[in-house]
Amino acid sequence: MDIDTNYGRLYNCRNIAYHKNGHVAECICQNKSIIRLNNLTLLPYYTENERRKLSPSIKFYPDGTLKSVYLEKQVSINTPLGLTAAELITFYPDGELCRVFPLNGKISAYWSEDREINLLGKMTFPLSVGTFTTRPMCFHFYKNGHLKSLTLQSTERITINTPVGHLKIKCGFSLYKDGQLCSAEPASAQKLLTPIGHLTCCDPNSIGLSADSGSLIFTESGALQQLKTIDIINIIDSVNCRHSFVPDRIPNPLNENALLTLPLTVNFSINTITIEKNTAEKFTFPLHSCQFIINNMQNDPTIKNI
């Protein structure tokens, strides 16, 4: 089936899905189909190979505007960061760039992660958080064109400037609209000075699929706002009651001989601290009328995956 769109005709389409209003939501092209948006000429994928994901060649918003294009082959496009490789591109409803993925292959028994990553050369980025060279997984832009987040390929590690000093990170980082650091994911357990003392910042279970929100978060003014920790936090309140917060440990579903540590999430404001366990329980205490005792667990032998 051929489909006419505002961007060009899509030929011999299959796996067609529709929005509730009857407009095409997505499809896979089986013949060469050229589409045009703004200054871009794009070729949605139409041939299969061992690394091709079985996903739509093209997606649309309910009003028919272009949402994403999975390209036939990697191309170079102009972005706010300059010329960038692209294999999957997503758009805001007004046609502005939203996300750019330099690679979009399927990891399987027939196509390894190493083979996928090695298809992309390293790129150098001079940004507000520092200059570094790495292999990116995804660029996410604000509608004004400023970089919102940079997600790294899983094997990559970089060092960036943060309000708590130079920090080696994995996964990537996110920025506020003015370019200031919003969040990052430490590459290993880091002992950081906080309003309640030194805490071991670490999320041992982070999977690094997106850098939009890391476990270490700062305010727009650069103050520490949130971190995840594997430490035990003891709090003695103003009436001398003791509260103890211990990260839970559960059996690893992939290894019966190992445990997973579920970190505490600690949020700071000007006058309070809030501790979350498994996002289900939240406890808030005033900073200036409580005593805080930290048991650092960075070297705990049960934590295997930091």
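The values are calculated or read from the model by the stated rules, or taken from the named source; none is laboratory data. This is a predicted model, so every value here is computed, not measured. Cβ: placed from backbone, ideal geometry, glycine included. Neighbour counts: every protein chain shown.
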Test: residue in segment 248-264 that is closer than 15 Å to ILE196 by Cβ, crowded, with 17+ Cβ neighbours inside 10 Å and not polar (S, T, N, Q): yes
Meets criteria (under 19 Å from the mean Cα position of the chain (by Cα), within 16 Å of SER68 (Cα to Cα) and surrounded by 18 or more Cβ atoms within 10 Å (Cβ to Cβ)) for ARG135: no
Every residue from segment 138-163 that is of a type outside the set (Gly, Ala, Ser) and not in a strand (DSSP E or B): TYR142, LYS143, ASN144, HIS146, GLN153, THR155, GLU156, ARG157, PRO163
Selection from segment 197-218 of residues that are more than 10 Å from CYS182 (Cβ to Cβ) and not hydrophobic (A, V, I, L, M, F, W, C): GLY197, HIS198, THR200, ASP203, PRO204, ASN205, SER206, GLY208, SER210, SER215
Residues located in segment 201-216, provided they are among the hydrophobic types (A, V, I, L, M, F, W, C) and over 11 Å from THR265 (Cα atoms): ILE207, LEU209, ALA211
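Taking the options SER174, SER183, name whichever one is modelled with pLDDT of 95 or more, over 13 Å from THR265 (Cβ atoms), of a type in the set (Ser, Thr, Tyr) and in a strand (DSSP E or B).
Details: SER183 fails: over 13 Å from THR265 (Cβ atoms).
SER174 is the lone residue from the list that is modelled with pLDDT of 95 or more, over 13 Å from THR265 (Cβ atoms), of a type in the set (Ser, Thr, Tyr) and in a strand (DSSP E or B).
Quick one: which of THR84, THR90 is more than 18 Å from the chain's Cα centre (by Cα), under 27 Å from TYR7 (Cβ atoms) and of a type in the set (S, T, N, Q)?
None of the other options fit; the residue is THR84.
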Per-region count, segment 199-216, residues without any contact (Cβ under 8 Å) to a residue 60 or more places away in the chain, surrounded by 15 or more Cβ atoms within 10 Å (Cβ to Cβ) and over 19 Å from ASN296 (Cβ atoms): 3
Single condition GLY105 does not satisfy, out of (1) of a type in the set (Gly, Ala, Ser); (2) over 30 Å from HIS19 (Cβ atoms); (3) not assigned by TED's automatic domain parsing to the domain that holds SER210: (2)
Every pair of residues 6+ apart whose Cβ atoms lie under 6 Å, when the first sits in segment 222-242 and is under 14 Å from LEU192 (Cα atoms) while the second is of a type in the set (D, E, K, R): LYS228/ASP203
Candidates THR219, THR162 - the one that is at pLDDT 95 or above, out of contact with any Lys or Arg (no Cβ under 9 Å at 6 or more places or on another chain), buried (at least 19 other Cβ atoms within 10 Å of the Cβ) and over 25 Å from PHE101 (Cβ atoms): THR162
Test: residue in segment 96-105 that is farther than 28 Å from LEU37 by Cα, modelled with pLDDT of 95 or more, among the charged types (D, E, K, R) and out of contact with any helix residue (DSSP H, G or I) (no Cβ under 9 Å at 6 or more places or on another chain): no
